[in-house]
Amino acid sequence: MSRRDRQRLSIFVVLIAVLVLTVVLGYRMNTPAITSAVQSPETKPTTKALTANDARIRLDIVENPDSAQDIGQKNLFQYGQRRVPASPSRPGARGTTAEANPPVPAVTPPVPVVPQAPPGPPPPPPIPLKYTGFAVVSSSLTAFLTDDSGVRHYNVSAGEVLMGRYRISQITDKTVEVEDLQIPRRQMLVLQK
């Protein structure tokens, strides 16, 4: 067998493998999916007392809905409240005895929820500048400011507007007062060492 024949044989084997793989995948795709019934495990009644903050779905209530008599008789805003069944009155009974008119159980009114005052608007973000130094130029102070990232440096004097938004109100050797023109507020920048 020559080298060329071995090469042809290996190519032939690869093509046969690809053909077999294609046939197997095509067969699998055309077969219908097997469906099997999944049995849900039996639910056991809980022995733990439920609290008001219990956030579980109670399947016993969901699976056994109240009868049609209870429609419109429940308070929708109280979880798990059930309507007190009315005792059937006997026709022809005119007496006012306790058996004929059973006492109605006292229903405690729900505690009213006192609405909290909505929180105020969030405070505006701090001015993104740092006071890094100053210089005295012809009897006036020039402040050296940088942005928070430290990439941009600004040399400003009192009264200038920086980035079209921040006015430099006052410069001292320890602080710079900056006024935000978009949000009416002022902030003192302290000299950082």
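Observations on the model:
- Scan of the range 131-174 for residues that are among the hydroxyl-bearing types (Ser, Thr, Tyr), within 44 Å of the chain's Cα centre (by Cα) and modelled with pLDDT under 90, ordered by number: SER149
- Taking first residues from the range 1-29 that are surrounded by 10 or more Cβ atoms within 10 Å (Cβ to Cβ) and partners that are at pLDDT below 95, the Cβ contacts under 9 Å between residues at least 6 apart in sequence or on separate chains come to LEU9/MET1.
- Of all residues in the range 147-156, those satisfying the criterion of being under 14 Å from ILE168 (Cβ atoms) and either surrounded by 14 or more Cβ atoms within 10 Å (Cβ to Cβ) or touching a Pro at 6+ places or on another chain (Cβ under 7 Å) (or both) are TYR154, VAL156.
- Pick from the range 175-188, criterion closer than 23 Å to SER138 by Cα and touching a residue at least 40 places away in the same chain (Cβ under 8 Å), ranking: surrounded by the fewest Cβ atoms within 10 Å (Cβ to Cβ): THR175
- For the range 160-174, the condition of being surrounded by fewer than 12 Cβ atoms within 10 Å (Cβ to Cβ) and of a type outside the set (D, E, K, R) holds for at least one residue.
The values are calculated or read from the model by the stated rules, or taken from the named source; none is laboratory data. Note that this is a predicted model, so its numbers are computed, not measured. Using ideal geometry, Cβ is built from the backbone for each residue, glycine included, and neighbour counts are taken over all protein chains shown.
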